[in-house]
1. Using C-alpha positions alone, give me the convex hull volume of the stretch 123-197 per residue in cubic angstrom.
2. Based on C-alpha coordinates, I'd like the Rg and Dmax of the stretch 405-452, in Å.
3. With a 1.4 Å probe and every protein chain kept in, tell me what percent of the accessible surface of the stretch 140-180 is carbon plus sulfur.
4. Quickly rank 88-101, 423-436 as a protection proxy: mean count of other C-beta atoms within 10 Å, highest first.
5. Gain in length, N177 to N311, computed as 0.36 nm per residue apart minus the alpha-carbon separation, to one decimal in nm?
6. Dipole size in debye (nearest 20) for the stretch 134-279 around its Cα centre, Lys and Arg Cβ +1, Asp and Glu Cβ -1?
7. Among the listed pairs K358/K402; K212/K402; K274/K354; K212/K269, which have their C-alpha atoms separated by more than 28 angstrom in this model?
8. Grab the eigenvalues of the alpha-carbon gyration tensor for the stretch 301-428, scale each by 5, take roots, and send me the semi-axes largest first in whole angstrom.
Amino acid sequence: MRKIEKRAIMCLMLAGVLVIGLGIFTYRYIADGSDWAVYTANKQIYNDKGRLKRGTLYDRNGTLLMSNTSGKMTFSDDYATRKANVHLTGDRSGNINTGANKIFANKLAGYNHLTGTYSLLGEGRNVNLSIDSDICVTANEALGDRRGTVGVYNYKTGEIICLVSSPNYDPEDPPENPDDESGIYMNRFFSSTFTPGSIFKLVTAAASIENKSDYASWEYTCTGSQNYDDGRVTCQDAHGTVNLEQALADSCNCYFGELARQLGSDLMKEYVEKTGLTLSRDVNGISTARGSFDFPQTGADLAWAGIGQHNDLVNPCTMMTYMGAIANGGRAVQPKILHSVDFSTGFPASIPWKWWTKRMIEEDTAEILKNLMRNNVEDNYGTDNFPGLNICAKSGTAEVQKSERPNAWFAGFLDDDDHPYAFIVLVEKGGYGSDVAGSVANEVLQEIVEKY
């Protein structure tokens, strides 16, 4: 009898192990099955050179960007479209990590959990990105031959409507020996980090609003510099006595440096984490670069860190998401680059859902920041430079190396229910933010508002 009991227990244990193993396999199959199926050794979907031979890529309006169905990777007939969108299409040599044939290989190949990559017609799927390729061309031309990036997304739906990284190139005529320092294959919007400069003052302002009871009335007299034991903070001008609203409009370094010192290192660390600037976000399979910040306990370095200098680094996509949070009452919609995925016959296979990030700032704080950013435009940048746009923004001039011109930033959103777009513009070595990056933002936003 005891032998039977022992055998029964053993059988139950084996059955339990089998159930657990089956559960693990099922989970892995659902989570990783597409990666297994689109491994380059799968000759059903890759040719002898390891290139995907299925699927077609379009923009949101059905404009062809790239196709694998002709036996080789082909691109748009329009030179400007190919060049502006190369960091999303990729090239035939696979030099770009954010190219569609790498990131969306499973979708282009037509993978599903039931039949894998088997396809009766062998044509894969049509993938529609959320971008408007014409607007990307406008953004790329506005950047000209300057390095930088432009990103615009709908902060209600999460769809990225414009994404350009420069320098770029024609995938039909790739560079033979690119300069290693140019970063021509790097998607600056997703994969890079940069010193944020004064656009980071919005984070310091948020920390002040939520933790300093006299944030609105607290004033500081700027003489053009502020000395600390280990160094000093300087401004372009002596701004005189300013409060938060005036200091943000004038982008007073001395005010925000002293504000960061009063808030303290620990609170500043808390807020960069709360606002998501140190996270890597997943944008339909594309991972953004993590931002990094170093807040010393005291002194000039802490002040400079609160201004957006020192060792501060931010990813453009992540900062754009923070702009979306301010526009949306403190929470942002997660950005996405996929609009839809269809079978080659046109039958819809999947449509990505939107989802919200965790709360970055309180709703009242978001409303205050929105008003402050609108005041920046009215009091400093000039509404005439953005005709017809109810724009809320913050410029940034980020010092990188003293021997070079600073990077120019312009970040913000349209406070417009009919045109809910948040944006980020970076022009490397461009000079002053509102003059350089602001003009790029205006050109792109004007076309978006006119078209949509």
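The values are calculated or read from the model by the stated rules, or taken from the named source; none is laboratory data. All of these numbers come straight from a predicted model, not from anything done at the bench. Positions of Cβ are generated from backbone atoms using ideal geometry, with glycine treated the same way; all protein chains shown enter the neighbour counts. Heavy atoms of the whole protein, side chains included, go into the accessibility calculation; ligands, DNA and RNA do not. Shrake-Rupley method; radii C 1.70, N 1.55, O 1.52, S 1.80 Å.
1. Working: hull volume 11.5 nm³, N = 75.
Spread over its residues, the Cα hull of the stretch 123-197 gives 153 Å³ apiece.
2. In order Rg, Dmax, the Cα atoms of the stretch 405-452 give 11.5, 37 Å.
3. Working: 620 of 1680 Å².
On the stretch 140-180, the fraction of accessible area on carbon and sulfur atoms equals 37 percent.
4. Details: 88-101: 21.3, 423-436: 23.9.
In descending order of packing, they fall as 423-436, 88-101.
5. Values: separation 134, 0.36 × 134 = 48.24 nm, distance 3.21 nm.
In short, 45.0 nm is gained.
6. Values: 10 positive and 23 negative charges, 125 e Å.
Result for the stretch 134-279 is approximately 600 debye, rounded to the nearest 20.
7. Working: K358/K402 38 Å; K212/K402 34 Å; K274/K354 21 Å; K212/K269 16 Å.
With Cα atoms farther than 28 Å apart: K358/K402; K212/K402.
8. Working: eigenvalues 181, 76, 54 Å².
Ellipsoid half-lengths, sorted descending, are 30, 20, 16 Å.
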